[in-house]
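K.L.:
Have a look at this one.
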Amino acid sequence: MGVFERIRRLFSANVNEMIRRAEDPETMLSQLLDDMNKQLIESKRNVASAIADEKRLQRQVETQKQKAAEWERKAIVALKAGQEDLARQALLQKQKEDAYAQQMEQQWEKQHVAVDDLKNALRGLQQKIDDAQRRKNLLVARAKRAEAQRKIQEIMTGLGDSSAFDAFDEMAKRVDQIEAENEALEQLDTAKQEEDLEAKIAALEQPDPDQMIDDLRKKIALDDGGTTESAGGDSVDATIEELKKFIKGESPQASE
C-alpha cells in the first residue's frame, strides 16, 4: 500500500468520525484543515525520503559504472603487458560490475518514476488543501447563515401560540386608552379655562353702578330745569318707597 493510499484511508476515517460527532462546523473544518496540513507534512517527509533514495541509487549506479570502467582499464593494462589471462579475468570482473550496475540502474529508473509520481501526488494534495482552505470560508459563512435561520425558525415556532403578540396588542390598547383619557382631561381643562375667561370678560362688560348713577344725574340735569322733580314730588316719594321695598325683598303690589 502506497504512502498516499495510507494517508487517504486514515484521513477518510478521521473525517467520517468528525462529521459524525460534529457540533460546530467552523471548529470541525478548522480541525480538518489541521489534520490535512499534518498529513501534508508527513507526505512531504515521505517524498523527501524517496528523493533521497533516488539520489542514493543514482550515486550507486555511477559508482558501479566507475568500477566496471576501472576493471576495463586494468584489462587494457594487462593486455598491453602481455598478460592475456589477467586481462581475461579483468574483463570477466568488468562484466559482473556491468551487470550489477545495470541492475542498480533499473532500480534507480523505477525509483525516479516513483519519485515523479509522488511529487505529482504531493502537488495535488497541496492544491486540494489550498482549495479546502478557500471552501472553508464559504462553508463557515453558509453554516452561520443556516444556524441563524434555524434560531429564527425556533423563535417563530416558540411564538406560534401568539401569546406574546396578544400581550403587545393588549398593551397597545391600554396605551391608546391612557392617551385618550389624557386628551379628554386636557380638553376639560381647556374648556374650564375658556369659561373662566368668558366670565371675566362678561364681568368687565357689566355696567358700573357708579357710572350708571353719574349717567342718571346727567340725564336729570338735561331735563327741563328740574321741573320734573318739583312738579311730581309725591310721585318721587312713592317711587323711593317702592325702591326701598324692592331692596328689602318686598313686593310693591303686596304693600298696596
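FYI, it's all coordinate maths here, none of it is from the lab. Bear in mind the structure is a predicted one, so any value in this text is a computation, not a measurement. Heads up, the Cβs are rebuilt from the backbone with ideal geometry, glycines too, and the neighbour counts pull from every protein chain shown.
K.L.:
Quick one: if you stick a label point 7 Å off each Cα along the C-beta vector at ALA48 and TYR100, how many nm between them?
P.N.:
3.2 nm
K.L.:
Which lysines have a Cα lying under 21 Å from the Cα of LYS245, excluding residues fewer than 8 positions away in the same chain?
P.N.:
Those lysines meeting the cut-off do not exist here.
K.L.:
Another question, then. So, R0 is 35 Å and r is the distance between the beta-carbons of HIS112 and ILE76; what FRET efficiency does that work out to, to 0.05?
P.N.:
E between HIS112 and ILE76, to the nearest 0.05, is 0.60.
K.L.:
Evaluate E = 1/(1 + (r/R0)^6) for ASN37 and MET156, where r is the Cβ-Cβ distance and R0 equals 35 Å; express this FRET efficiency to the nearest 0.05.
P.N.:
With a Förster radius of 35 Å, E is 0.30.
K.L.:
If you don't mind, there's one more thing I want to ask. Taking R0 as 25 Å, what's the FRET efficiency between LYS55 and ASN120 from their Cβ-Cβ distance, rounded to 0.05?
P.N.:
So the FRET efficiency works out to roughly 0.85.
K.L.:
Another question, then. Report the extension gain between ALA146 and GLN89 in nm, rounded to one decimal, defined as 0.36 nm multiplied by the number of residues separating them, less their alpha carbon distance.
P.N.:
12.2 nm
K.L.:
Once you put a point 7 Å from the Cα of ASP176 and another 7 Å from the Cα of ASP214, both along the Cβ direction, what distance in nm separates them?
P.N.:
Taking the two extended label points, one gets 6.2 nm.
K.L.:
Something else about it: What full-extension length gain, to one decimal in nm, is calculated for LYS248 and ALA167 as 0.36 nm per residue of separation minus the Cα-Cα distance?
P.N.:
Taking LYS248 through ALA167 to full extension adds about 22.2 nm, to one decimal.
K.L.:
With 31 Å as the limit, write out which pairs from LYS74/LYS119; LYS65/LYS119; LYS55/LYS96; LYS144/LYS173 have Cα-Cα distances beyond it, or answer none.
P.N.:
LYS74/LYS119; LYS144/LYS173
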